[in-house]
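Student: Provided herewith is a single structure, encoded as structure tokens, for subsequent inquiry.
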Amino acid sequence: MPSSTGAPILKAPLGVEKHRKYFDKCLLGPIPHYFATLEPSRMSLVFFLIGGMAITDSLESLKASGAGTAVADWIYMMQVEPTSENGGAAGFRSSSVLGCGEQISSASSDSPIHTLDTSHITMTYCALAALAILGDDFSRVNRAAIVQHLRSLQREDGSFQAVSYGPGMKALDFTAPGPDGQPLPGIGDSEYDMRFLFSACAVSWLLDDWSGIDQVRALEYIRQSYNYDGGFGQGPFLESHGGSTFCALASLSLMGKLDEALPDRDHTIQWLIHRQLELSYNGRPHKDEDSCYSFWVGSSIELLESGHLPDHAKIMTYLSKCQSVIGGLSSSMGGSPDPIHSYLGLCGWHLCQKHLGSAGVENLDDAPADFPLISIDTSLDMPLHSVEHMKKLHAQWKKQD
Amino acid sequence: MRGGPVPGRAVRAPPLQRPASGLPGQLPAEIEGKLLCEIPELSDITPLPQLETETPVVKILHSDSFDDALSYFRAIVQSGEVSMRALLITSYAAIVCPSHYSVWQYRRKLLAQLKVDPHREIEFVQAILLDNWKNYQLWYHRQQLVASIGGRSDERDITDSCFEHDAKNYHAWSHRQWFLRTYPPPSWLVEERAYCDRLLSEDVRNNSAWNQRMFVLLHTPRDHPEEFGQILTAELNYTLEKLNAAPSNESGWNYLRGLYTKFPGPWDAGFFATISASCDALLLRESQSPHLNAFMFHFYRDWAARQGDVSIMAPSVTIAKLLRDEIDTIRAKYWDMMHERVVAALAAAATTA
Ligand SMILES: [Zn+2]
């Protein structure tokens, strides 16, 4: 496209190929040491990177190289076996940061490792989603135990905690009760909020079994977290936030309750649509723009069937500028890339591209030249074809029952 | 320090300092900066490295101190050692990897078994918070500790300190709300409203502070309608005053709308007149403000719905057009949709009338 001086404006040199390389490079590692504090959520990186490979249509080459099997095997190594020591915890660990495999099985039977080694609900969602994207048949997934374990994670108020530990390692085992002899308020084994409620819903959808969730209580928690401004917070009374609003809406959508349980659809749309600023979306009023909200907010708007309303060209221009020269996207312009913003940014890109069409994309300054992205499912944050793959598996499971 | 008095409670926001060494599991001065493998007292422990397969997935490079601390941590979890040196090892692990929830859980178990005073541990948390204000696990650990001493730690102090440099920190607001709901200090409602006012006088667009004001209002007893009506009217006037001074403030307008949608009651009879008079006056000098106009658009619709009189929303037609075509074009499609809706509602009402 010509500039005002008549000289052609160079399109950003990045295309899908560069991002493909970034995802591939991170997946096979190693990645820099400043990511080390993500060791306790490494499985989520696996999900973002496998997802990134899928939407840039490069899974086939990954599989052909044998790396697809290696990734699936690694994920299964992180599956937690439910035992009496860990209180029946099933699902997936983040990584081997606490130990896994031999390191655990060779420990003496009274070692605390057996009660401390547990699954994390979001890591379980990420592991299952990554396996679904890889086209895995789920035959090695301990489905019944995972669903069963969800029950021990749901709290009285309907929310979910991230992890629970085995007997002797539970918070209540070493925290004195309150003056009335009752457990202390808020005491559980880990933090709890809308993120984990969403993870529980996504796991239930992927395993096609909702018996692990008390939906009445879950819906009540979501309703209580709905705010005066139309958005949702991480919990009751907490400030509306783009991330928690996505988690609330996606949970409702996965439960099939979006129409009946959303208090005021128009008000929520109003709050979401006002997240768009001059550059892109922010997550809360008067906060800075961030590329990940192109998914959290964009997808929320999409879930409310209003995906045509935002100014897509502006968001795509911003995302283009968040691209790093080494591939991948950063949270804001000029930052360094990371797997989460790379995946969510491209998912957000896809949502815009869908509405703007290829002609619209070509007119953007700085637009990457060629950007075919695979369609994604807005509530599961997964490629559509992976969702279809899961539906086929669900049908098979039904037949077997 | 922020200026302005807060009734009944001085905002202390103590400047946080790294506590002197000697806290439970804290690094004694003589070993600061050393790796665990360099400490003679730990030489009988065999560190357990993190297991990686031949083809690891998303392998993360670790610094020496990260590997050192976590290798010793894995070793003591394996052996189940309960001792002060085991607690020291969890300190190292928590410092290099504060997001490791199982480190904190195991540390809590050690603290209980070693009968460590939770107050001392609260000081340890404070030291790590200084570098990690946005860490979920750390705030949760603090919550557990405060609960274990029956809430006898005024958590408004630590959050005040946090808000000194990040007044919108979601974790700190969440922690503060948990504390106020679980262990409400006497007259906290009045004090908290004054604290929000203090934050808003610094930054009137601080959405977290507006949300906290709503938190206070939602916890204000409503069993005396007259008293509550007075509080609500005061809130309304307060908000209009803030908006009058700075109309381009989404947070303030959202709050104003929240006041009349969240609390319908006998007290709001005069609200329509007050709000519309105030907005009309503001329009004279701020006719092009997208936020003001967006509010008025919704305000007329809300009131039409409440009164069951569609004609009240008539001004919304022109407002939507102005927003769509001139002053909020980034949301042109949204305003176009809203414009159509209002036009359709008015037309439907006209045909049935
Ligand atoms: Zn972000």
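Student: Which condition breaks for B:Ile128 when tested against (1) modelled with pLDDT of 90 or more; (2) surrounded by fewer than 21 Cβ atoms within 10 Å (Cβ to Cβ)?
Tutor: Of (1) modelled with pLDDT of 90 or more; (2) surrounded by fewer than 21 Cβ atoms within 10 Å (Cβ to Cβ), only one is false for B:Ile128: (1).
Student: Does A:Ser253 meet the test of being within 30 Å of A:Gly335 (Cα to Cα), more than 14 Å from chain B (Cβ to nearest Cβ) and either within 16 Å of the ligand (Cβ to nearest atom) or not in a loop (DSSP other than H, G, I, E, B) (or both)? Give the derivation first.
Tutor: On the way: within 30 Å of A:Gly335 (Cα to Cα): no; more than 14 Å from chain B (Cβ to nearest Cβ): yes; either within 16 Å of the ligand (Cβ to nearest atom) or not in a loop (DSSP other than H, G, I, E, B) (or both): yes.
The answer is no for A:Ser253.
Student: Taking the condition touching a residue at least 12 places away in the same chain (Cβ under 8 Å), away from chain A (no Cβ under 13 Å) and on the phi < 0 side of the Ramachandran plot, does B:Arg181 pass?
Tutor: Details: touching a residue at least 12 places away in the same chain (Cβ under 8 Å): yes; away from chain A (no Cβ under 13 Å): no; on the phi < 0 side of the Ramachandran plot: yes.
Here the answer is no, as B:Arg181 does not meet what is asked.
Student: Also: If A:Gln270 satisfies every condition in (1) open to solvent by 10 Å² or more (accessible area, probe 1.4 Å); (2) within 14 Å of the ligand (Cβ to nearest atom); (3) among the polar types (S, T, N, Q); (4) within 14 Å of chain B (Cβ to nearest Cβ) but one, which is the exception?
Tutor: Checking A:Gln270 against (1) open to solvent by 10 Å² or more (accessible area, probe 1.4 Å); (2) within 14 Å of the ligand (Cβ to nearest atom); (3) among the polar types (S, T, N, Q); (4) within 14 Å of chain B (Cβ to nearest Cβ), the one that fails is (2).
Student: Considering only segment B:234-353, give the helices (runs of 4 or more DSSP H) lying wholly within it that have at least 3 residues that are within 26 Å of A:Ser280 (Cα to Cα), open to solvent by less than 20 Å² (accessible area, probe 1.4 Å) and touching a helix residue (DSSP H, G or I) at 6+ places or on another chain (Cβ under 6 Å).
Tutor: On the way: elements: B:250-262, B:271-285, B:290-307, B:315-322, B:332-352.
It comes to B:250-262, B:290-307, B:332-352.
Student: Within 14 Å of another protein chain (Cβ to nearest Cβ) and over 25 Å from B:Leu256 (Cβ atoms) - does that describe any residue in segment A:213-229?
Tutor: no
Student: Have a look at A:Glu278, A:Glu260, A:Glu220, A:Glu239 and point out the one that is within 30 Å of A:Pro337 (Cα to Cα), of a type in the set (Asp, Glu) and either part of a helix (DSSP H, G or I) or under 21 Å from the mean Cα position of the chain (by Cα) (or both). I'd like the intermediate steps shown before the answer.
Tutor: On the way: A:Glu278 fails: either part of a helix (DSSP H, G or I) or under 21 Å from the mean Cα position of the chain (by Cα) (or both); A:Glu260 fails: within 30 Å of A:Pro337 (Cα to Cα); A:Glu220 fails: within 30 Å of A:Pro337 (Cα to Cα).
From the options A:Glu278, A:Glu260, A:Glu220, A:Glu239, the qualifying one is A:Glu239.
Student: When the residues of segment A:83-113 are narrowed to those that are away from every other protein chain (no Cβ under 12 Å) and polar (S, T, N, Q), which ends up least open to solvent (accessible area, probe 1.4 Å)?
Tutor: A:Thr83
Student: Restricting the search to segment B:108-125, which residues are aliphatic (A, V, I, L, M), assigned to a helix (DSSP H, G or I) and open to solvent by 20 Å² or more (accessible area, probe 1.4 Å)?
Tutor: Step one: list which residues in segment B:108-125 are aliphatic (A, V, I, L, M), which gives B:110-112, B:114, B:116, B:122, B:125.
Of the ones still in play, those that are also assigned to a helix (DSSP H, G or I) are B:110-112, B:122, B:125.
Scanning segment B:108-125 gives a single hit, B:Ala112.
Student: For segment B:40-84, name all the residues that are facing another protein chain (nearest Cβ under 7 Å) and β-branched (Val, Ile, Thr).
Tutor: B:Thr53, B:Thr55, B:Val57, B:Val58, B:Ile60, B:Val77
Student: Residues that are within 16 Å of the ligand (Cβ to nearest atom) and closer than 26 Å to A:Ala130 by Cβ: which helices (runs of 4 or more DSSP H) entirely in segment A:301-401 hold 3 or more of them? If you could, list the steps in order and put the result at the bottom.
Tutor: On the way: elements: A:312-321, A:339-362, A:384-400.
Ranges flagged: A:339-362.
So that you can scan it fast, the table gives a plain yes or no per residue for (1) open to solvent by less than 30 Å² (accessible area, probe 1.4 Å); (2) modelled with pLDDT of 95 or more:
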position	(1), (2)
B:Pro47	no, yes
B:Glu54	no, no
B:Ala69	yes, yes
B:Gln78	no, yes
B:Tyr92	yes, no
B:Ile95	no, no
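Student: Only one of (1) open to solvent by less than 20 Å² (accessible area, probe 1.4 Å); (2) within 17 Å of the chain's Cα centre (by Cα); (3) away from chain A (no Cβ under 14 Å) is not met by B:Arg198, so which one is it?
Tutor: (1)
Student: Residue check, B:Ser83 against (1) under 25 Å from the mean Cα position of the chain (by Cα); (2) surrounded by fewer than 20 Cβ atoms within 10 Å (Cβ to Cβ), all met but one. Which one?
Tutor: B:Ser83 satisfies all of (1) under 25 Å from the mean Cα position of the chain (by Cα); (2) surrounded by fewer than 20 Cβ atoms within 10 Å (Cβ to Cβ) except (1).
Student: Separate question: Restricting to segment A:189-198, name every residue that is touching a Leu at 6+ places or on another chain (Cβ under 9 Å) and more than 14 Å from chain B (Cβ to nearest Cβ).
Tutor: Hit for segment A:189-198 is A:Phe198, nothing else.
Student: Provide a single number: the residues in segment A:48-82 that are among the hydroxyl-bearing types (Ser, Thr, Tyr) and either within 13 Å of A:Gly101 (Cβ to Cβ) or surrounded by 23 or more Cβ atoms within 10 Å (Cβ to Cβ) (or both). Even if it seems obvious, please write down each step before you answer.
Tutor: First, the residues of segment A:48-82 that are among the hydroxyl-bearing types (Ser, Thr, Tyr): A:56, A:58, A:61, A:65, A:69, A:76.
Add one more test, that the residue is either within 13 Å of A:Gly101 (Cβ to Cβ) or surrounded by 23 or more Cβ atoms within 10 Å (Cβ to Cβ) (or both), and what stays is A:56, A:76.
So the count comes out to 2.
Student: Taking A:Gly235 and the conditions (1) more than 12 Å from every other protein chain (Cβ to nearest Cβ); (2) out of contact with any Cys (no Cβ under 6 Å at 6 or more places or on another chain); (3) not β-branched (Val, Ile, Thr), which numbered condition does it fall short on, given that it satisfies the others?
Tutor: Result: A:Gly235 passes all but (1).
Student: I'm told A:Gly357 meets every condition in (1) of a type in the set (Gly, Ala, Ser); (2) on the phi > 0 side of the Ramachandran plot; (3) at pLDDT below 90; (4) open to solvent by less than 10 Å² (accessible area, probe 1.4 Å) except one. Can you identify the failing condition by its number?
Tutor: Single failed check for A:Gly357: (4).
Student: Test B:Arg205 against the criterion of being open to solvent by less than 50 Å² (accessible area, probe 1.4 Å) and basic (Lys, Arg), and give yes or no. Steps first, answer last, please.
Tutor: Numbers: open to solvent by less than 50 Å² (accessible area, probe 1.4 Å): no; basic (Lys, Arg): yes.
No.
Student: Would you point out the residue of segment A:273-300, among those that are within 13 Å of chain B (Cβ to nearest Cβ) and open to solvent by 30 Å² or more (accessible area, probe 1.4 Å), that is farthest from the ligand (Cβ to nearest atom)?
Tutor: A:Glu278
Student: Let me ask you something else. Filter segment A:77-113 down to residues that are out of contact with any Leu (no Cβ under 8 Å at 6 or more places or on another chain) and part of a helix (DSSP H, G or I) and give me whichever is farthest from A:Gly52 (Cα to Cα).
Tutor: Here the residue is A:Ser105.
Student: State which residue pairs qualify: first residue part of a helix (DSSP H, G or I) and inside segment A:65-76, second residue surrounded by fewer than 18 Cβ atoms within 10 Å (Cβ to Cβ) in any location, beta carbons under 6 Å apart, and separation of 6 or more residues or different chains.
Tutor: A:Ala70/B:Thr55; A:Tyr76/A:Arg140
Student: Now, a different point. Could we say that A:Thr56 is over 30 Å from A:Gly212 (Cα atoms), in contact with a His (Cβ under 7 Å, 6 or more places away or on another chain) and of a type outside the set (D, E, K, R) here?
Tutor: Taking the combined requirement at face value, the residue satisfies it.
Student: Any chance segment A:42-49 includes a residue that's over 30 Å from A:Thr115 (Cβ atoms) and not basic (Lys, Arg)?
Tutor: Of segment A:42-49, the ones over 30 Å from A:Thr115 (Cβ atoms) are A:48-49.
From what's left, not basic (Lys, Arg): A:48-49.
Within segment A:42-49, one or more residues are over 30 Å from A:Thr115 (Cβ atoms) and not basic (Lys, Arg).
Student: Tally the residues that are under 22 Å from A:Met194 (Cα atoms) and within 9 Å of another protein chain (Cβ to nearest Cβ), restricting the search to segment B:148-174.
Tutor: Residues in segment B:148-174 being under 22 Å from A:Met194 (Cα atoms) and within 9 Å of another protein chain (Cβ to nearest Cβ): 4 in total.
Student: Also, I was wondering about something else. May I ask you to list the residues in segment B:97-107 that are in a helix (DSSP H, G or I), within 8 Å of chain A (Cβ to nearest Cβ) and open to solvent by less than 10 Å² (accessible area, probe 1.4 Å)? Quick ask: steps written out before the conclusion?
Tutor: In the first step, residues of segment B:97-107 are kept if they are in a helix (DSSP H, G or I); the result is B:101-107.
Cutting the leftovers down to within 8 Å of chain A (Cβ to nearest Cβ) gives us B:101-102, B:105-106.
Answer for segment B:97-107, where residues must be in a helix (DSSP H, G or I), within 8 Å of chain A (Cβ to nearest Cβ) and open to solvent by less than 10 Å² (accessible area, probe 1.4 Å): B:Ser102, B:Gln105, B:Tyr106.
The values are calculated or read from the model by the stated rules, or taken from the named source; none is laboratory data. Quick caveat: nothing in here was measured; it's all calculated off a predicted structure. When we count neighbours, we look across all protein chains shown, and the Cβ atoms used for this are built from the backbone with ideal geometry, even at glycine. For accessibility, only protein heavy atoms count, side chains too; no ligands or nucleic acids. Shrake-Rupley method; radii C 1.70, N 1.55, O 1.52, S 1.80 Å.
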